[in-house]
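The values are calculated or read from the model by the stated rules, or taken from the named source; none is laboratory data. Predicted model, so just to flag it, every value in this text is computed and none were measured. In this analysis, Cβ positions are derived from the backbone assuming ideal geometry, glycine residues included, and neighbour counts consider all displayed protein chains. These accessible areas exclude ligands, DNA and RNA; they are computed on the full protein's heavy atoms, side chains included. Shrake-Rupley method; radii C 1.70, N 1.55, O 1.52, S 1.80 Å.
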Amino acid sequence: MKPTLLLVDDEIGIRKVLSLSLVDAGYEVFTAENGAEAIALFESQKPAIVLCDIKMPGMDGIEVLRKIKQLNSDVEVIMFTGHGDMDIAIRSFKNEANDFITKPVNLDALEIALKSAEERIRMRRQLKEYTENLERLVAEKSAQLVEAERMAAIGETIAGLSHAIKNIANGLKGSIFVLKEGIDTDDKHYMQQGWQMVRGNVDKIRNLSLDLLNYGKYANIRPQLADPNQPMHAVAEIMSAVAAEQDILMQIELDSQLGKCHFDPEAINRCLMNIVSNALDACAYQKEASALKTVTLKTSKAKGWAVAYQISDDGPGMEADVQKRIFQGFFSTKGTEGTGIGLMMSKKIVDQHRGDIEVISAKGRGTTITIRLPG
(Lines give C-alpha, C1' and ligand atoms only; values in the text may rest on other atoms or scores of the structure.)
Protein backbone atom coordinates (compact mmCIF):
# COMPACT_ATOMS: atom_id res chain seq x y z
CA MET A 1 0.00 0.00 0.00
CA LYS A 2 1.11 3.55 -0.76
CA PRO A 3 1.71 5.79 2.28
CA THR A 4 -0.70 8.62 3.13
CA LEU A 5 0.32 12.05 1.84
CA LEU A 6 -0.39 15.66 2.81
CA LEU A 7 -0.22 18.30 0.03
CA VAL A 8 0.15 21.92 1.20
CA ASP A 9 -0.15 24.76 -1.32
CA ASP A 10 -2.06 28.03 -1.32
CA GLU A 11 -2.83 27.72 -5.06
CA ILE A 12 -6.05 25.74 -5.58
CA GLY A 13 -5.12 24.81 -9.16
CA ILE A 14 -1.87 23.16 -8.08
CA ARG A 15 -3.66 21.31 -5.27
CA LYS A 16 -6.28 19.93 -7.66
CA VAL A 17 -3.90 18.87 -10.43
CA LEU A 18 -1.30 17.28 -8.13
CA SER A 19 -3.86 15.58 -5.88
CA LEU A 20 -5.51 13.94 -8.94
CA SER A 21 -2.15 12.68 -10.19
CA LEU A 22 -1.21 11.41 -6.73
CA VAL A 23 -4.55 9.64 -6.20
CA ASP A 24 -4.12 7.98 -9.64
CA ALA A 25 -0.68 6.80 -8.46
CA GLY A 26 -2.33 5.09 -5.46
CA TYR A 27 -1.76 7.59 -2.65
CA GLU A 28 -4.36 8.64 -0.09
CA VAL A 29 -4.10 12.43 -0.33
CA PHE A 30 -5.08 15.17 2.14
CA THR A 31 -4.79 18.80 1.04
CA ALA A 32 -4.32 22.07 2.94
CA GLU A 33 -4.30 25.63 1.61
CA ASN A 34 -2.30 27.21 4.45
CA GLY A 35 0.12 26.40 7.25
CA ALA A 36 -2.38 26.29 10.12
CA GLU A 37 -4.65 23.88 8.27
CA ALA A 38 -1.62 21.76 7.35
CA ILE A 39 -0.49 21.40 10.99
CA ALA A 40 -4.02 20.48 12.10
CA LEU A 41 -4.33 17.85 9.35
CA PHE A 42 -0.86 16.50 10.12
CA GLU A 43 -1.75 16.02 13.79
CA SER A 44 -5.09 14.31 13.02
CA GLN A 45 -4.16 12.19 9.96
CA LYS A 46 -0.44 11.58 10.63
CA PRO A 47 0.62 11.29 6.96
CA ALA A 48 3.95 9.63 6.18
CA ILE A 49 4.89 12.17 3.45
CA VAL A 50 4.31 15.93 3.24
CA LEU A 51 4.57 17.96 0.03
CA CYS A 52 4.77 21.64 0.98
CA ASP A 53 5.09 24.91 -0.90
CA ILE A 54 7.64 27.28 0.63
CA LYS A 55 6.11 30.63 -0.30
CA MET A 56 2.66 30.91 1.25
CA PRO A 57 0.86 33.81 2.96
CA GLY A 58 0.78 33.75 6.75
CA MET A 59 2.77 30.76 7.97
CA ASP A 60 5.33 30.01 5.25
CA GLY A 61 6.59 26.59 4.27
CA ILE A 62 9.78 26.81 6.34
CA GLU A 63 7.72 27.32 9.51
CA VAL A 64 5.40 24.46 8.51
CA LEU A 65 8.47 22.25 7.97
CA ARG A 66 9.90 23.21 11.36
CA LYS A 67 6.65 22.49 13.23
CA ILE A 68 6.10 19.18 11.43
CA LYS A 69 9.64 18.01 12.22
CA GLN A 70 9.05 18.92 15.88
CA LEU A 71 5.93 16.73 15.87
CA ASN A 72 7.63 13.84 14.03
CA SER A 73 11.29 14.07 13.00
CA ASP A 74 11.00 10.97 10.78
CA VAL A 75 8.25 12.27 8.48
CA GLU A 76 9.35 12.73 4.87
CA VAL A 77 8.98 16.39 3.80
CA ILE A 78 9.44 17.45 0.17
CA MET A 79 9.49 21.21 -0.45
CA PHE A 80 8.24 23.14 -3.56
CA THR A 81 9.39 26.55 -4.72
CA GLY A 82 10.33 28.60 -7.78
CA HIS A 83 13.67 28.46 -9.63
CA GLY A 84 14.96 31.73 -8.18
CA ASP A 85 14.62 30.81 -4.50
CA MET A 86 17.91 28.99 -3.85
CA ASP A 87 18.55 30.74 -0.52
CA ILE A 88 15.14 29.58 0.74
CA ALA A 89 15.91 26.08 -0.54
CA ILE A 90 19.11 26.04 1.50
CA ARG A 91 17.15 27.11 4.60
CA SER A 92 14.72 24.24 4.06
CA PHE A 93 17.57 21.70 3.97
CA LYS A 94 19.01 23.22 7.15
CA ASN A 95 15.61 22.58 8.78
CA GLU A 96 15.81 18.89 7.80
CA ALA A 97 13.74 18.87 4.61
CA ASN A 98 14.21 15.51 2.88
CA ASP A 99 13.96 16.70 -0.70
CA PHE A 100 13.32 19.74 -2.89
CA ILE A 101 11.46 20.24 -6.19
CA THR A 102 11.26 23.44 -8.21
CA LYS A 103 8.04 24.85 -9.69
CA PRO A 104 6.42 24.28 -12.06
CA VAL A 105 6.36 20.74 -10.70
CA ASN A 106 7.67 18.11 -13.09
CA LEU A 107 5.68 14.92 -12.46
CA ASP A 108 8.65 12.71 -13.32
CA ALA A 109 10.83 14.54 -10.78
CA LEU A 110 8.03 14.28 -8.21
CA GLU A 111 7.74 10.53 -8.84
CA ILE A 112 11.48 10.07 -8.25
CA ALA A 113 11.33 12.11 -5.02
CA LEU A 114 8.34 10.10 -3.77
CA LYS A 115 10.04 6.78 -4.55
CA SER A 116 13.08 7.91 -2.55
CA ALA A 117 10.82 8.93 0.33
CA GLU A 118 9.05 5.55 0.25
CA GLU A 119 12.40 3.76 0.30
CA ARG A 120 13.48 5.68 3.41
CA ILE A 121 10.13 4.89 5.06
CA ARG A 122 10.59 1.21 4.23
CA MET A 123 14.10 1.20 5.71
CA ARG A 124 12.87 2.85 8.92
CA ARG A 125 10.06 0.31 9.15
CA GLN A 126 12.53 -2.52 8.78
CA LEU A 127 14.74 -0.95 11.45
CA LYS A 128 11.73 -0.67 13.77
CA GLU A 129 10.81 -4.32 13.12
CA TYR A 130 14.40 -5.28 13.81
CA THR A 131 14.36 -3.39 17.11
CA GLU A 132 11.02 -4.95 18.13
CA ASN A 133 12.31 -8.42 17.26
CA LEU A 134 15.40 -7.67 19.31
CA GLU A 135 13.25 -6.69 22.30
CA ARG A 136 11.30 -9.96 21.99
CA LEU A 137 14.56 -11.86 21.88
CA VAL A 138 15.71 -10.12 25.07
CA ALA A 139 12.45 -11.08 26.81
CA GLU A 140 12.73 -14.73 25.70
CA LYS A 141 16.36 -14.98 26.79
CA SER A 142 15.97 -13.26 30.15
CA ALA A 143 18.03 -16.00 31.78
CA GLN A 144 21.00 -14.88 29.71
CA LEU A 145 20.83 -11.36 31.17
CA VAL A 146 24.29 -10.11 30.20
CA GLU A 147 23.94 -11.15 26.56
CA ALA A 148 20.41 -9.77 26.38
CA GLU A 149 21.51 -6.35 27.65
CA ARG A 150 24.36 -6.31 25.16
CA MET A 151 22.01 -7.01 22.26
CA ALA A 152 19.53 -4.35 23.41
CA ALA A 153 22.33 -1.81 23.52
CA ILE A 154 23.34 -2.78 19.99
CA GLY A 155 19.77 -2.27 18.80
CA GLU A 156 19.56 1.16 20.42
CA THR A 157 22.93 2.17 19.02
CA ILE A 158 21.97 1.07 15.51
CA ALA A 159 18.74 3.09 15.69
CA GLY A 160 20.51 6.20 16.96
CA LEU A 161 23.38 5.85 14.52
CA SER A 162 20.91 5.38 11.66
CA HIS A 163 19.23 8.68 12.56
CA ALA A 164 22.58 10.48 12.76
CA ILE A 165 23.66 9.10 9.37
CA LYS A 166 20.28 10.02 7.87
CA ASN A 167 20.75 13.64 8.94
CA ILE A 168 24.21 13.79 7.38
CA ALA A 169 22.95 12.10 4.19
CA ASN A 170 20.17 14.71 3.90
CA GLY A 171 22.76 17.44 4.36
CA LEU A 172 24.94 15.98 1.62
CA LYS A 173 21.94 15.70 -0.68
CA GLY A 174 21.15 19.37 -0.14
CA SER A 175 24.81 20.28 -0.69
CA ILE A 176 24.91 18.41 -3.99
CA PHE A 177 21.67 20.09 -5.09
CA VAL A 178 23.10 23.57 -4.45
CA LEU A 179 26.42 22.68 -6.10
CA LYS A 180 24.63 21.27 -9.17
CA GLU A 181 22.43 24.35 -9.43
CA GLY A 182 25.54 26.51 -9.39
CA ILE A 183 27.20 24.40 -12.09
CA ASP A 184 24.04 24.35 -14.26
CA THR A 185 23.60 28.13 -14.05
CA ASP A 186 27.34 28.92 -13.95
CA ASP A 187 26.71 30.78 -10.67
CA LYS A 188 29.98 30.87 -8.72
CA HIS A 189 28.22 32.01 -5.53
CA TYR A 190 26.09 28.86 -5.45
CA MET A 191 29.03 26.69 -6.49
CA GLN A 192 31.06 28.06 -3.58
CA GLN A 193 28.13 27.75 -1.19
CA GLY A 194 27.44 24.18 -2.30
CA TRP A 195 31.11 23.28 -1.94
CA GLN A 196 31.22 24.73 1.59
CA MET A 197 28.11 22.72 2.47
CA VAL A 198 29.76 19.53 1.12
CA ARG A 199 32.88 20.24 3.17
CA GLY A 200 30.77 20.86 6.28
CA ASN A 201 28.96 17.55 5.91
CA VAL A 202 32.24 15.68 5.34
CA ASP A 203 33.44 17.24 8.62
CA LYS A 204 30.28 15.92 10.29
CA ILE A 205 31.08 12.40 9.04
CA ARG A 206 34.61 12.75 10.40
CA ASN A 207 33.34 14.03 13.76
CA LEU A 208 30.82 11.21 14.01
CA SER A 209 33.56 8.65 13.33
CA LEU A 210 35.87 10.22 15.92
CA ASP A 211 33.08 10.40 18.52
CA LEU A 212 32.28 6.72 17.99
CA LEU A 213 35.96 5.78 18.30
CA ASN A 214 36.29 7.84 21.49
CA TYR A 215 33.12 6.30 22.92
CA GLY A 216 34.61 2.82 22.46
CA LYS A 217 37.98 3.98 23.79
CA TYR A 218 36.57 4.71 27.26
CA ALA A 219 34.86 1.35 27.71
CA ASN A 220 37.22 0.78 30.66
CA ILE A 221 38.73 3.56 32.77
CA ARG A 222 42.24 3.45 34.27
CA PRO A 223 42.14 5.26 37.63
CA GLN A 224 45.37 6.62 39.12
CA LEU A 225 46.30 8.97 41.94
CA ALA A 226 46.31 12.43 40.33
CA ASP A 227 45.62 16.13 40.81
CA PRO A 228 41.87 16.69 40.13
CA ASN A 229 42.56 20.26 38.94
CA GLN A 230 44.75 19.03 36.07
CA PRO A 231 41.96 17.94 33.65
CA MET A 232 40.02 21.19 34.12
CA HIS A 233 43.20 23.26 33.73
CA ALA A 234 44.06 21.42 30.47
CA VAL A 235 40.55 21.96 29.08
CA ALA A 236 40.70 25.67 30.00
CA GLU A 237 44.04 26.10 28.19
CA ILE A 238 42.67 24.56 24.98
CA MET A 239 39.18 26.06 24.98
CA SER A 240 40.12 29.62 26.06
CA ALA A 241 41.31 30.34 22.53
CA VAL A 242 38.06 28.96 21.09
CA ALA A 243 36.06 31.14 23.50
CA ALA A 244 38.06 34.25 22.58
CA GLU A 245 37.41 33.70 18.86
CA GLN A 246 33.67 33.68 19.59
CA ASP A 247 33.80 36.73 21.89
CA ILE A 248 32.93 34.60 24.93
CA LEU A 249 34.55 35.30 28.30
CA MET A 250 35.92 32.16 29.97
CA GLN A 251 36.44 32.36 33.74
CA ILE A 252 38.49 29.70 35.57
CA GLU A 253 38.25 29.13 39.33
CA LEU A 254 40.38 26.16 40.50
CA ASP A 255 40.45 25.19 44.19
CA SER A 256 44.13 25.01 45.16
CA GLN A 257 43.26 23.13 48.39
CA LEU A 258 42.07 19.98 46.61
CA GLY A 259 44.11 16.89 47.41
CA LYS A 260 45.01 14.12 44.99
CA CYS A 261 42.41 11.44 44.36
CA HIS A 262 41.94 8.29 42.27
CA PHE A 263 40.43 8.87 38.81
CA ASP A 264 41.28 8.51 35.11
CA PRO A 265 42.68 11.94 34.10
CA GLU A 266 42.41 11.32 30.35
CA ALA A 267 38.79 10.14 30.57
CA ILE A 268 37.74 13.05 32.82
CA ASN A 269 39.54 15.45 30.48
CA ARG A 270 37.44 14.14 27.56
CA CYS A 271 34.29 14.33 29.68
CA LEU A 272 34.92 17.97 30.65
CA MET A 273 35.95 18.88 27.09
CA ASN A 274 32.58 17.68 25.77
CA ILE A 275 30.63 19.69 28.33
CA VAL A 276 32.70 22.88 27.94
CA SER A 277 32.38 22.63 24.14
CA ASN A 278 28.59 22.41 24.50
CA ALA A 279 28.59 25.42 26.84
CA LEU A 280 30.54 27.48 24.28
CA ASP A 281 28.15 26.38 21.52
CA ALA A 282 25.19 27.45 23.67
CA CYS A 283 26.69 30.91 24.23
CA ALA A 284 27.62 31.30 20.57
CA TYR A 285 24.05 30.40 19.60
CA GLN A 286 22.69 33.28 21.68
CA LYS A 287 25.54 35.77 21.34
CA GLU A 288 23.24 38.33 19.68
CA ALA A 289 21.24 38.65 22.90
CA SER A 290 23.97 40.58 24.75
CA ALA A 291 27.40 42.10 24.20
CA LEU A 292 29.30 39.43 26.12
CA LYS A 293 28.58 35.85 27.15
CA THR A 294 30.41 33.97 29.90
CA VAL A 295 31.42 30.37 30.55
CA THR A 296 32.76 29.59 34.03
CA LEU A 297 34.90 26.53 34.88
CA LYS A 298 35.20 25.76 38.56
CA THR A 299 36.58 23.00 40.82
CA SER A 300 35.76 22.66 44.51
CA LYS A 301 35.43 20.23 47.39
CA ALA A 302 31.92 18.79 47.67
CA LYS A 303 30.42 17.20 50.77
CA GLY A 304 30.81 13.44 50.51
CA TRP A 305 32.88 13.71 47.31
CA ALA A 306 36.58 14.19 46.56
CA VAL A 307 36.00 16.84 43.88
CA ALA A 308 33.22 18.71 42.09
CA TYR A 309 33.66 20.06 38.55
CA GLN A 310 31.21 22.81 37.61
CA ILE A 311 30.68 24.25 34.12
CA SER A 312 28.26 27.19 33.90
CA ASP A 313 27.13 29.24 30.91
CA ASP A 314 24.67 32.09 30.41
CA GLY A 315 23.39 30.71 27.10
CA PRO A 316 19.73 30.06 26.21
CA GLY A 317 19.21 27.32 28.81
CA MET A 318 17.08 24.20 28.45
CA GLU A 319 13.51 23.21 29.17
CA ALA A 320 12.85 20.37 31.62
CA ASP A 321 12.08 17.73 28.97
CA VAL A 322 15.36 18.47 27.16
CA GLN A 323 17.34 18.23 30.42
CA LYS A 324 16.00 14.70 30.95
CA ARG A 325 17.21 13.58 27.53
CA ILE A 326 20.61 15.22 27.01
CA PHE A 327 22.56 12.15 28.19
CA GLN A 328 20.53 9.69 26.13
CA GLY A 329 22.13 7.97 23.15
CA PHE A 330 22.35 10.11 19.99
CA PHE A 331 20.09 12.87 21.36
CA SER A 332 21.25 16.34 20.31
CA THR A 333 19.75 19.82 20.61
CA LYS A 334 21.88 20.94 17.64
CA GLY A 335 19.74 19.28 14.99
CA THR A 336 21.85 18.09 12.09
CA GLU A 337 24.92 19.81 13.54
CA GLY A 338 25.42 17.43 16.47
CA THR A 339 26.03 13.68 16.80
CA GLY A 340 24.54 13.31 20.30
CA ILE A 341 27.51 11.15 21.37
CA GLY A 342 29.57 13.64 23.39
CA LEU A 343 27.27 13.97 26.41
CA MET A 344 26.36 10.27 26.25
CA MET A 345 30.10 9.54 26.54
CA SER A 346 30.48 12.03 29.41
CA LYS A 347 27.70 10.35 31.39
CA LYS A 348 29.28 6.95 30.74
CA ILE A 349 32.67 8.14 32.05
CA VAL A 350 31.12 9.64 35.22
CA ASP A 351 29.13 6.43 35.85
CA GLN A 352 32.30 4.33 35.50
CA HIS A 353 33.90 6.50 38.19
CA ARG A 354 30.81 5.88 40.37
CA GLY A 355 30.30 9.61 40.31
CA ASP A 356 27.30 11.89 39.94
CA ILE A 357 26.31 14.36 37.22
CA GLU A 358 23.70 17.08 37.78
CA VAL A 359 22.11 19.54 35.35
CA ILE A 360 20.50 22.79 36.49
CA SER A 361 19.00 24.88 33.70
CA ALA A 362 16.05 27.06 32.81
CA LYS A 363 14.92 28.54 29.52
CA GLY A 364 16.63 31.90 29.10
CA ARG A 365 18.71 31.53 32.28
CA GLY A 366 21.72 29.48 31.21
CA THR A 367 22.92 26.04 32.29
CA THR A 368 25.16 24.64 35.03
CA ILE A 369 26.45 21.06 34.87
CA THR A 370 28.17 19.67 37.96
CA ILE A 371 30.21 16.46 38.05
CA ARG A 372 31.13 14.95 41.42
CA LEU A 373 33.72 12.19 41.83
CA PRO A 374 34.58 10.02 44.85
CA GLY A 375 38.13 9.72 46.15
(Q) Given the condition surrounded by 16 or more Cβ atoms within 10 Å (Cβ to Cβ), within 28 Å of the chain's Cα centre (by Cα) and farther than 18 Å from Arg354 by Cβ, answer yes or no: does some residue in region 245-259 qualify? (A) yes
Q. Tally time: how many residues in region 1-35 are small (Gly, Ala, Ser), surrounded by fewer than 19 Cβ atoms within 10 Å (Cβ to Cβ) and either assigned to a loop (DSSP other than H, G, I, E, B) or out of contact with any strand residue (DSSP E or B) (no Cβ under 6 Å at 6 or more places or on another chain) (or both)?
A. 4
Q: Kindly establish whether Asn72 is in contact with a Lys or Arg (Cβ under 9 Å, 6 or more places away or on another chain), open to solvent by 40 Å² or more (accessible area, probe 1.4 Å), free of Cβ contacts under 8 Å to residues at least 60 places away in the same chain and not charged (D, E, K, R).
A: yes
Q: Scan region 231-266 for residues that are in contact with a strand residue (DSSP E or B) (Cβ under 7 Å, 6 or more places away or on another chain) and either free of Cβ contacts under 8 Å to residues at least 40 places away in the same chain or in a strand (DSSP E or B) (or both) and jot them down.
A: Ser240, Ile248, Leu249, Met250, Gln251, Ile252, Glu253, Lys260, Cys261, His262, Phe263
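If you check Cys283 against the conditions, is it over 14 Å from Ser346 (Cβ atoms) and modelled with pLDDT under 90?
Spelling it out, Cys283 is indeed over 14 Å from Ser346 (Cβ atoms) and modelled with pLDDT under 90.
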Q) In region 88-106, which residues are open to solvent by less than 90 Å² (accessible area, probe 1.4 Å) and in a helix (DSSP H, G or I)? A) Ile88, Ala89, Ile90, Ser92, Phe93
(Q) Given the condition in contact with a helix residue (DSSP H, G or I) (Cβ under 8 Å, 6 or more places away or on another chain), of a type in the set (A, V, I, L, M, F, W, C) and modelled with pLDDT under 80, answer yes or no: does some residue in region 71-88 qualify? (A) yes
(Q) Tally up the residues in region 1-36 that are acidic (Asp, Glu) and closer than 19 Å to Ile101 by Cα, please. (A) 4
**Q.** Every pair of residues 6+ apart whose Cβ atoms lie under 8 Å, when the first sits in region 127-140 and is farther than 15 Å from Asp74 by Cβ and of a type in the set (Asp, Glu) while the second is open to solvent by less than 90 Å² (accessible area, probe 1.4 Å) and assigned to a helix (DSSP H, G or I)
**A.** Glu135/Ala152; Glu135/Gly155
